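To keep things clear, I will list the structure first and then write my remarks on it.
Coordinate-derived values only; no laboratory data. All of these numbers come straight from a predicted model, not from anything done at the bench. Here the Cβ positions follow ideal geometry from the backbone for every residue, glycine too, while neighbour counts run over all protein chains shown.
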Amino acid sequence: MRLPDWVYRTTYYYGFRAARLIWRFTKPRHFGALVMLWHDKKVLLVRTSYQDGWVAPGGGIKADEPPVQAAIRELSEEVGLQLALEDLRHVPAIEHVWNNRRDMVQIFEVELSTSPKIKIDNREIVEARFVTIEEALSLDLAPHLHDYLRMKAVA
């Protein structure tokens, strides 16, 4: 039996809120990887079903998983794109306290010459779009993305 998408979205939403409550007291350290996917001077941002604002495709790094592998895995899971290790370029990591935990994020960039076909699951990821740096900076962004995009804007 296949559950409707709204069941997954609701589970993500309340599960994430429960996790944030636990993190408020435990203050864990989290390691993540993000992919900044560029095409035609625009970057891909996604909106999840469980938190406000916009983020880049990415997520947690599993135990013993290289950050670049986590980035490739998350990009595939979240927007259906398959990339190779050599496609990604590592940029400086950014750390913030966000969502009640210390979040160290490894950021990877890729510039695509052709417009990619984005496929979201409508469960975890509910929206994806390419935006300019200026448009992105006007959105409610995760702090890591805000820092990264401000660095790109002045470069």
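If only residues of the range 85-110 that are closer than 20 Å to Q69 by Cβ and charged (D, E, K, R) are counted, the one that is surrounded by the most Cβ atoms within 10 Å (Cβ to Cβ) is D103. Against the list (1) outside any loop (DSSP other than H, G, I, E, B); (2) farther than 19 Å from V126 by Cβ, the condition F16 fails is (2). Within the set K42, K62, the sole residue that is surrounded by fewer than 12 Cβ atoms within 10 Å (Cβ to Cβ) and over 12 Å from the mean Cα position of the chain (by Cα) turns out to be K62. Please find, within the range 20-35, the residue that is farthest from G80 (Cα to Cα) out of those that are over 18 Å from the mean Cα position of the chain (by Cα) and part of a helix (DSSP H, G or I). Across the range 20-35, the extreme among qualifying residues is F25. Listed by position, the strands (runs of 3 or more DSSP E) contained in the range 36-155 that have at least 1 residues being hydrophobic (A, V, I, L, M, F, W, C) are 42-48, 89-98, 101-111, 125-131.
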